[in-house]
Each structure stands twice: as C-alpha cells, then as structure tokens.
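Asks: Can you read through this structure? Questions will come right after.
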Amino acid sequence: MSVPQGTSGSVEISEQELALATRNHGMPLEALRHEITPIGLHYLLIHYDIPVVDAAGWRLEVGGLLERPLELSLEQLRARPRVTAAVTMECAGNGRASLSPRPLSQPWLLEAVGTAEWTGTPLAPLIEECGIAAEAIELVFTGIDRGVEGGVEQFYERSLSLDDALGEDVLLAYEANGRPLPPQHGYPLRLVVPGWYGMTSVKWLRSITAVAEPFEGYQQARGYRMMRSADDPGTPVTRMVPRSLMAPPGIPDFMSRRRFLALGPVDLEGRAWSGLGTIERVDVSADGGETWIAAELAPQRSPLAWRGWTWAWEPPGAGDYELCSRAIDSAGNEQPLNAEWNLKGYANNSVQRVPVQVTDQR
C-alpha cells in the first residue's frame, strides 16, 4: 500500500515527533475523575515557542474595520465585566496516533483534552462598543508566538466569522482555575471559544482585527483542514465532534497500560462532550462494542463542559474484556466505532477501547 504524503506506514515515532511530544502533553486519563481539570494536567499544545511577556507593557490592539479602535492594557480588560465558565477544550488532533497510516505530527492518543474554569471578559460587548463597519465579515485573532510552518513564517493567527466570534460564550480570558494564566496557556490573555477545537482559542493574544475578506492565513487556509490527500483543499476543522472517554479502572501495566482488575463489582466512570450539541446518552460495552448498555449520566455543571457518566459493571468471571463507551449528542451525532481517515488526523473520535484483564484474586 502506498503511504500518503505526510504519513507514516510504521508505528515508529520519528525524532521530530518525539521532540513535539516532549514539548506538549496530554491529560492522564485517570484525571477524568476531576470535573475541573487541575491546570497542570490540562492538555497542552504549543505550536512555536512560549513567549515571555511583560504584562505591564503588553497591550491588546483592537482595530481594522471598526469605527472606534482600541488599545487595552490587562488592567483595563480586568476592569470590564467579568465572567467565569467551565469549558471543555480538545485538540483537533486528538486520536491522530491511532490512525493507519499515521499522520506525521504531534502523536496524540486520547489525552489531548481538559476542562478548566476560564475567567475573563466577553468579547462581543467589546467589539460592539468599537462599532463594526458594514463591510466587516470576520475577526482575525493574532498571537505573539511566531514560527515557521508549511514553509511560511508567521504569527499564530486564526479568524472567526462575526456570528461565531460574537457568540455570548466567547471570552477574552486572563485566568484559569482562579489564577492568572500560566505562561504555557497564553499569559497574559487568550481567546476561549467554547465548542470549537482548541486551535481556535488563540493564546498570547496581541491583536483582534476586523476584516472584509475571508482570512487566508496558513492556520486557516492550509493548516487545520480535513483533507484526503495533499492536493485536496479540504474543509475547515471547526467544532468538536462527540466523544466519550473512560477513566481506566483497576491498575495498569507500566509499559502497555493494560488494566488489571480483581473479580467483583466495579464502578466505571468517564466524561463525554460534543461541540455540536449537548450529551444526551452514553452507551458502555464490555465486549468490544458487540453489545451496549446505557450509562447513568450525571448532572452537567456547565453547558460548555463535558458531562460525567457512570456504569456499575460486574464481570461475569475472570478473563479478558474490552471496555468501550460512546457518546450521542442532542443533534443526533453518535460517536463511531471507527472514524474516517484524513491526511492530518483531525477529529478522529473513534470509540476508545480499554483492554482489561479480570483475575479471580480478590
């Protein structure tokens, strides 16, 4: 079989991928037991370098096709109306490493997710106060971080349509879990766009620019696209598709992470989320997806965050089992057993599989 450009037919991890993996980190799946992820366990993806920012001299420039452009200090932003929201954020490449052939990039398995309480000021009132010119159609969000990608030297920047950017839940965030943003999470200010994959929530924000044409920067037009081949223009990566993850039960083998359980009742638990609707059902299986049983859903802390679920499982005997869970949202989207392959490995929400060995030793 020929291997598409940008992929590897081997399970070996290249030195470049290893370098990415040492810079970025996922959330250990046992941390699913936390409704709010401790910020040090929240997944982290850094495209370029972490900027060192002097907040005293930093300013947010808000301009372009606006009637009253602004330049705001952190203190001025903190003086504006303040909102705190629990928001689940997932990397678009989560699950990439399990695809075959494997796309060459940050080799995420399933851990590129987290839920934090982000505090900041809503974006919409700020932009509306500036007065939006009639010809403006998008806002471009530019970060301080700079690098080279796809042969293009660039600041990291993304855009949103006015309708998406001015949604009531979009935040300019300066705190995470009640503390100032850590440097790696965008200090002093970042965008938080609930429901969208994490690449949308630009970190180390330096400017917001209203424009009259669709933004054609690398991260928008080339980087985050669902593509079947290198010459496929693809479609944009936008909102998170439904996913459920299980907190691995029992104890792990060090290398394989295979789980070991003593025979007897066990409460399985996990979290499910979707950017396309609210979670209405989670099904759980102990036989690799042959049969499914509805889990019990917990109350949802925030409509922008994941929803907890539990299932009381009693293995019928010692032996090997494959535990799975799948999410179904209010728009009727159901997590698939196997997701379709794409060149860059985005939005792979295939059902998680957790191999478990149950022993009769209590």
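None of the figures in this text is laboratory data; all of them are computed from the coordinates on show. Only a predicted model underlies this, so the values are computations on that prediction, with no experimental measurement involved. Cβ placement follows ideal geometry from the backbone for every residue including glycine, while neighbour counts extend to all protein chains displayed.
Asks: For segment 133-208, taking Cα atoms only, what is the radius of gyration to one decimal and the Dmax to the nearest whole Å?
Replies: Over segment 133-208's Cα set, Rg and Dmax evaluate to 13.0, 39 Å.
Asks: Using the Cα centre of the chain as the reference point, and only Cβ charges (+1 on K/R, -1 on D/E), how large is the resulting charge dipole? Debye, rounded to the nearest 20.
Replies: Details: 31 positive and 46 negative charges, 114 e Å.
The calculation lands at about 540 debye.
Asks: Return P(r) of segment 109-163 (all Cα-Cα pairs; 10 Å bins starting at 0; whole %; ordered from short to long distances).
Replies: The calculated distribution, bin by bin, is 16, 31, 37, 15, 1.
Asks: Please compute the Kirkwood hydrodynamic radius of segment 144-261 from all pairs of different C-alpha atoms, in Å with one decimal.
Replies: 17.1
Asks: Oh, and also: Quick one: compute the contact order of segment 264-355, relative version, from alpha carbon pairs under 8 angstrom and 6+ residues apart, as a percent.
Replies: Across segment 264-355, relative contact order equals 32 percent.
Asks: Simple spin-label model, 7 Å along Cα-to-Cβ: Thr84 to Glu12 in nm?
Replies: 5.0
Asks: Next up: Between Leu139, Ala116, Gly223, whose Cα lies farthest towards the positive end of the dipole of the chain when Lys and Arg beta carbons carry +1 and Asp and Glu beta carbons carry -1, centred on the Cα centre?
Replies: So the residue we want is Ala116.
Asks: At 25 °C and 0.890 mPa s, what whole-number value in µm²/s does Stokes-Einstein give for the translational diffusion of segment 243-359, with Rh from the Kirkwood sum over Cα pairs?
Replies: Rounded to a whole number, D works out at 165 µm²/s.
Asks: Then there's this: Determine, at each q value in 0.21, 0.23 (inverse angstroms), the log₁₀ of I(q)/I(0) that the Debye formula gives when each Cα of segment 46-163 is one equal point scatterer.
Replies: -1.39, -1.41
Asks: Let me ask you something else. Sorted from largest down, give the three principal axis spans of the alpha carbons of the chain, whole angstrom values.
Replies: 71, 48, 37
Asks: With only alpha-carbon pairs counted, each pair once and no self-pairs, how large is the Kirkwood hydrodynamic radius of segment 44-111 in angstroms?
Replies: Numbers: mean 1/r = 0.0613 Å⁻¹.
About 16.3 Å for segment 44-111.
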